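Q: One structure, pasted below without further comment.
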Amino acid sequence: MSIKGVYVFLHKKVEIPEKIPLHGVSWNYSTGNIAVAGGGGMLKILDMDPDVAAGKGLRSITPLDRHKAPVRLLSWNERLARLATGDDSGLVVIWLNQKGKWVEEMSTSRGKTPVSLLRWSPNCKSILMGYKDGNVLVGSVTGQREWGSDLGTPVVDAAWSPDGKYIVFVTEDKGEVRVFERDQSIKTLDTESIEDTPEAKATSVDWYDGAEGQTSSHGATLAIGYNNGRVHIMNFYQPHAYTTIDSMLEISKIRWNSNGTIIAVGGKKKTRVDNIEETKLTGAKPVYQYSNQIQFFNNIGHHLFSLDVPGAPDETSEPFDFAWEQGCHRIALAVDSCIYLAIVKQKHTWCFFDNTLSYTYTNIEERTNTVCFHNVSTKETSHKAISYPVIISSFNSLCVLVTHVEDEMASVVRDTANLPAVNSEGSSMRSSQVLTEKKHQFGYPSTQDYLGKPPTEKMEPLTPLMNPKKIGLKGRTQVCAVSLYNSIGLTLATKFMSFEPRFIAMNEDYIVLSSDEKVWVWNYNAKARVGEDGEIGADEVMADMAEEEGRVLAVGDNLSIRIDDHATVDFSVDRPRENTTDPSIITVKQHTRYPITAICLAPHAPHLFIARLNENIFRLNLSLQLPKSQSSAIKPVKEARKGVLQIFAKISHKYAISLNGRVKQMVVNCDCTLMMCSDVTGQVCVYELNTTDDEEPAPAEPEEKKEAERDILIFSEHRRGTIGHASDIPFRSLPRFPIDRRGCWDVRFSDDFPDMYAITEKTRLYIYKGRDNEDAIMSNNSYIASFRELEVITADLDDLLQNPSEDSEIGSFINRHTTKALKNTTELIKKQNLHEAFKFIKQHPHKRLCQMIGEAALLKLDLDIAMKAYVLSNDYPGIRLVKKLKMMDNINLQKAEIFVFLNRIDEAEELYAKEDRMDLAINMQMKLGEWEKVIQYAKVPEPSKAKDDDSESDTEELDPLGRNKKTPKKPVLNASSLVPDELLKIAFDETGEKHAARQEWSKAIEYFKQSNNIERLVQCYYITEAYDKLAELLPKIPAKDPLLGEIGTMFATVGMAEHALKAFEKANDVEMAINACVLLNQWDEALRLAEEHDYPEIKTLLSKYGDYLLDCKNTPQAIALYHRAGRHLEAARVLVEMGDVLSKTQVNPSRLKKVYVLAGLEMEMFRGGLFKSNQTKKAKGKSFDVADAVDKLIEEDVSGTDGGLSGVWFGAEAWHFFLLAHRQFYNGEYLPALRTSLRLTNYVGKHLDSEPVFSLIALTSFQCRYMKQCSGALRQLERIVSEKEGVQVEAGAPITPSFDDGGIRKKTDALRKLAVELFTAEEPLDPPSQQQEICTCPTCRKKIPGTALSCPFCQTQFEPCVATGHSLIDQKKVMCQKCRHFAAQSELKKYQNCPLCHTPL
């Protein structure tokens, strides 16, 4: 996570006696001790107070005597509690802390060669030592040498890699950066940061070790500082990912803080103080002034702060040293002979609203980001995981959090939200133009200190020194999500924006986000309606545009916006330099010279204030309205969508202010009459805002400033527009309060007093009323969270975020500070002087003070003072209470009513008990929602008569039931007779609802059991997954109760079919019961229910079950179900598919025949159903050609599908005749078998394999001595077998043995040998025609063989006889009414059933 901002100020100064110059300082991260080294061998250990705000700073000083020469180098070993020190004589000493005392563990010396380098390795097991002669040495913590090397040149600085594998050295003579792996130099780093200044030398290096997690997304943790002020931050393993910073210092040292989020750059600042023109004329040498300074940058290169360090250095003076504290809250500076402690206040991502503290933190181990919402009153805390947080703000009861959208989601968001591509500063751009941008994604590194005047024309604009080609920015767009939350962390709305904001402001209607030059406005809570001025609320627009399809684009005269749930718009603060040909994109190539530095919104007015680097502040009036030309014509709200909706952002005022630097923070009071600004130096100024336009304008601005601000343009994602001409609005001066506060880092106005505000100056908190301040609150190190009702709430965020996930400790970091008026009123009330207190609050009227006086007066029964106080504060409930009290005579009851009003319930309860008015106690508890108390009243046993004892103290401790804990003499609260059963049931229900709302389900269940609330018990059992308990409720619920349906649905959703079925059956909801069975695949139960209750959709149900069975590969049951469901077509299709699969195996022909016969029968049932339905239609008078309809349906509906169902009997015929031929052959009926076998050739291909068919023909023809038929069958067999074995046989070739060298195929050669044997003994001729059966063709009346399948003359096809397989040529035939196949009448006398389909004849 990158730090958004810091403020650093000097807090403590520790002077070293005898003015000994200091050379080094180092802070121990583990113990918090500071080691200080200086001249004359001075070495001291400073024990520091960890409480920054306590003001103590230093607790003790321990001197270490061993060195004689000046000590310049210090290095802590936190893990092993050791300290390494080195001096100019070459002595290196390792110090060890033993039982609180520092002792010398070991030492080494190299003569008189000064030590120039000391660095422990990241694992603290090795130490790197460097000397002025160029030698470096690495030794172990036990004192053994590991390796050494001579670099040939002195080393001024070095850094270990996080894994300890590499060491980066910085040499003194050439300023080179060398990388070593043990004692071997592997490369010299040439950074791109000094390509334009080759004479620059490296002076310091630091490498963040990642001990507290990786906080940089690009992994740039190696930092190299150069004497020309440049700092190169890079990823060592990916050198192309880097950032360059220009600090404009003569850098002496750079160091990361302990978690790698901030890098401190220290050195001398060189400022020219002579007259440049005179020096050029006289030829004199330039005169420079030097000063010490530390600049702070975050890990992506943003400048955070510049701290001027005390001292008066010159060109040759020795540089100062500094060191970070663990936790990054303080930094120690060793300057001359003094130690300075500076406090670093970071800008955390947090806010305080609706008595809730919200903050974000990063879990380093899990690499996750979290936002926490902690209610300081109820102590309830909720944590929500989020993506990378950017910025947060709040107002009243809501807060807005901006987060990054993950890379994989960014493109989806851009497409759905129509967001254009932008660069890091918020300017729109195309992907192809990104590589030409000189801005990079990491922000604004400084080219000047940001503290003085804005850059002049001669200075370079604020442009970072980075080549975007080297960091992979092509096509990258940072999409951010803007989410609105309530105080319990519930997301109420989310919008998306196309650039990353740096500033945020929020009021009751608007959320404004800003980058350096672009502003985004969200009207999230519009309340205006269409009126005379044409204003209209965005929520009304959305309600009336609901009928429109998609999103509505409303284009106005000034700009265009996209309306969805709320109105948003974004605009630029300067005129775009270039407009592309695409009107929807405006590209800003040359960025503004005066970026935005702060924004704020008036709390209760649509006024936006924008501060820029040139110390100009613009005041814009925001409004959501219709143009005046159209608003007058629009009367009803529904007609508003016909108009053009606009968000107007018009400049109303321009202010010119004068501060020491750029505005860092800007706030406006509650009535928009005062504005408070703080700059980067910590100076705070309070201005009176101009409310009219008749003030005298400020003096004329310089030409360059006028030119820059001549026109202010805005543009949305779709169109360009103008919000005003700055040249038309003069600059105005602002009256300024005469307050002088410096070193301020947080400011805030009171929410209810316009002229009250709080300022944190260093470690003090000041509260102002107008121009006067109250006594400072000392020892304050907290951030201002809230200022309202004369109380300032602060939060110790620095300490809280050290362990942010501990919910129990969050409340201890919240502090409350009261104003002087509140303190004085409290003191007067304690002195029992109500009249003086009332006079005081009349002079200082405030609602809280009036309430305090009113409450104190009520407790004293001084009703007149109470009435005056409540009238003064317009407190109607208090006024009504006083009137009620005046009509009461009983003092105890008066006190009880007062205690109820003050929420002191226990005391009111005791008084009601004393007066025996438990009915009033019951009513009180009911109004307060304390139903548990009502239950206790009803359950208390009859008490023994209590004795009235006036001597008993009224302050004795009571238990929750009002009984005395020490003695039972007090009356026991008993109201069992006043709590009827109906009220008790309500009490149980309400108490159960309270626990259910808190998700305390076990307690809620117990109370719902007492009230016998079955409905809520059902819900609680379901939520807690107590399904067995839920099932036990079924017998208690009456039949046909609607609750049974809900219970059945609950059981069905969790897969408990048995209980769901019982619930639905008891509810008499057969349809839901069947649906549940179907959903849970309980088809048997579904069929049982459907049949028992005559379910009208049973056929549909059965067909669904069939589909399920098919998915489960249970085909036979699916076919049976289709048959039962009347879906004969589906059954036939499944049977055909099953037969086609089985046909490929050629196994069990009898089963195959049955399958196809069943398919044919199902098909006939389907045809019969169609015929029957059509006959019904015809009976009703509808003309319908049944035959045509059936043929058409058969042709269109059931044809196709792998051969189609129109030939469903074709497969049955094939296997029927196949079986018949075999039966005839084995019965010795060879001629009939031949006739049947010849018919099988019609079925070869899809249903029958050709090899067994022609084998059967060859056998039967041989037995009948039809040798020609036999020869033809053998030739077909040889061809078929040859094709299967890869041997080609030409048609008509003689059958001769093959003697090829490759060997003969066994089966092919066997067939050839068989043919040779057969036809050498007998010629391949059929019997003479006179020996054959001769028939007459019924068509052409010519004689044909009886074995013919068709007439060779007229091609007439003859029907086969399913009984014999013969062709029915001239015989009498009979058709089966079921399968519609024919058989010879003479043959059917032998059968009782159809030979094919086995239907009774």
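Q: Calculate, in nm to one decimal, what D314 and K830 gain on full extension: separation in residues at 0.36 nm each, minus their alpha carbon distance.
A: Result for the pair: 179.6 nm of gain on full extension.
Q: Measure off 7 Å from each Cα along the Cα-to-Cβ vector at K1009 and K1307, then give the distance between these two points in nanometres to one decimal.
A: The two pseudo-label positions are separated by 7.8 nm.
Q: Which distance in nm do the two modelled labels at D1084 and A1321 give, with both placed 7 Å along the Cα-to-Cβ direction?
A: Distance between the two pseudo-spin positions: 6.4 nm.
Q: Send over the Kirkwood Rh of the range 221-270, from the inverse of the averaged 1/r over different Cα pairs, rounded to one decimal Å.
A: One decimal place: 11.2 Å for the Kirkwood radius.
Q: Quote the accessible area belonging to Y1095 in square angstrom, nearest 10, computed with a 1.4 Å probe and with ligands, DNA and RNA left uncounted.
A: Its heavy atoms expose roughly 40 Å² to the probe.
Q: Can I ask one more? What number, in nm² with one decimal, is the all-direction average of the projected area of the convex hull of the alpha-carbon atoms of the range 76-181?
A: Taking a quarter of the hull surface, the average projection is 6.5 nm².
Q: How much accessible surface does V136 have with a 1.4 Å probe, in Å² rounded to 10?
A: Taking all protein chains as shown, V136 has close to 10 Å².
Q: Let me check something: with ligands and nucleic acids excluded, how do Y870, Y340 order by accessible area (1.4 Å probe), largest to smallest?
A: Highest to lowest solvent-accessible surface, that is Y340, Y870.
Q: For the range 182-331, compute Rg over Rh where Rg is the Cα radius of gyration and Rh is the Kirkwood radius from the inverse mean 1/r over Cα pairs.
A: Radius of gyration over Kirkwood radius for the range 182-331 works out to 1.03.
Q: Could you give the length gained by full extension between S779 and F1353, i.e. 0.36 nm per residue of separation minus their alpha carbon distance, to one decimal place?
A: Answer, rounded to one decimal: 194.3 nm.
Q: In debye to the nearest 20, how big a dipole does the range 9-128 give about its Cα centre with +1 on each Lys and Arg Cβ and -1 on each Asp and Glu Cβ?
A: With Lys and Arg at +1 and Asp and Glu at -1, about 160 debye.
Q: Grab the beta carbon distance between A81 and N903, set R0 = 56 Å, and tell me the FRET efficiency rounded to 0.05.
A: 0.55
Q: Okay, moving on. Pull up all non-local amide H partners of R82: gap of 5 or more, or a different chain, and H-to-H distance under 5 Å with H placed in the peptide plane.
A: Excluding prolines and chain starts, which carry no amide H, the hits are N77.
Q: Another one. Which trypsin sites (Lys or Arg not before Pro) in the range 121-219 sit in a loop by DSSP (not H, G, I, E or B) and have at most 14 other Cβ atoms within 10 Å of their own Cβ?
A: Qualifying residues, ordered by number: K165, K174, R182.
Q: Could you tell me the calculated FRET efficiency between Q1385 and D1111, based on Cβ-Cβ distance and R0 = 45 angstrom, to the nearest 0.05?
A: Given R0 = 45 Å and the Cβ-Cβ separation, E is 0.40.
Q: Here is a further query. List the GluC sites (Glu not before Pro) within the range 324-381 that DSSP assigns to loop and that have no more than 10 neighbouring Cβ atoms inside 10 Å.
A: E365, E366
Q: Filter the cross-link list K1154/K1246; K1268/K1342; K1003/K1066; K345/K654 down to pairs whose alpha-carbon distance in this structure exceeds 21 Å.
A: Among K1154/K1246; K1268/K1342; K1003/K1066; K345/K654, the Cα-Cα distance tops 21 Å for K1268/K1342; K1003/K1066; K345/K654.
Q: Largest first, what is the accessible-area ranking of V479, V103 with a 1.4 Å probe?
A: Of V479, V103, the descending order of accessible area is V103, V479.
Q: Now for a different question. Taking only the alpha carbons of the range 809-857, what extent do you get along each of the three principal axes, in Å, biggest first?
A: For the range 809-857, the Cα spread along each principal axis is 42, 19, 16 Å.
Q: For L1314 paired with Q1392, estimate the spin-label separation in nm (one decimal), with each label point 7 Å from Cα along the Cα-to-Cβ line.
A: 4.1
Q: In the range 380-403, which residues have a backbone nitrogen under 17 Å from the label point lying 7 Å from Q999's Cα in the Cα-to-Cβ direction?
A: 380-386
Q: Which pairs in the list K101/K125; K518/K769; K379/K883; K860/K933 are over 30 Å apart, alpha-carbon to alpha-carbon?
A: Those over the limit are K518/K769; K379/K883.
Q: How much net charge surrounds M888 when only other residues with a Cβ under 14 Å from its Cβ are counted (Lys, Arg +1; Asp, Glu -1)?
A: Its environment carries a net charge of +3.
Q: What's the local net charge at G40, with K and R +1, D and E -1, over the other residues with C-beta under 13 Å away?
A: Overall, the nearby charge balance is +1.
Q: Would you mind calculating the gained length between D752 and N1148 on full extension (0.36 nm times residue separation, minus the Cα-Cα distance), in nm to one decimal?
A: Full-extension gain reported as 132.9 nm.
Q: Which sequence of Y1027, Y1226 reflects their accessible areas, 1.4 Å probe, from the largest down?
A: These residues rank, largest area first, as Y1226, Y1027.
Q: Additional query: Hand me the trypsin sites (Lys or Arg not before Pro) from the range 830-930 located in a DSSP loop with no more than 10 other Cβ atoms within 10 Å, in residue order please.
A: When the trypsin sites (Lys or Arg not before Pro) of the range 830-930 are filtered for loop state and at most 10 Cβ neighbours within 10 Å, K831 remain.
The values are calculated or read from the model by the stated rules, or taken from the named source; none is laboratory data. Just so it is clear, the structure is predicted and the values come from calculations on it, not from any experiment. Cβ: placed from backbone, ideal geometry, glycine included. Neighbour counts: every protein chain shown. Note: accessible area is taken over every heavy atom of the protein model, side chains too, but ligands, DNA and RNA are not part of it. Shrake-Rupley method; radii C 1.70, N 1.55, O 1.52, S 1.80 Å.
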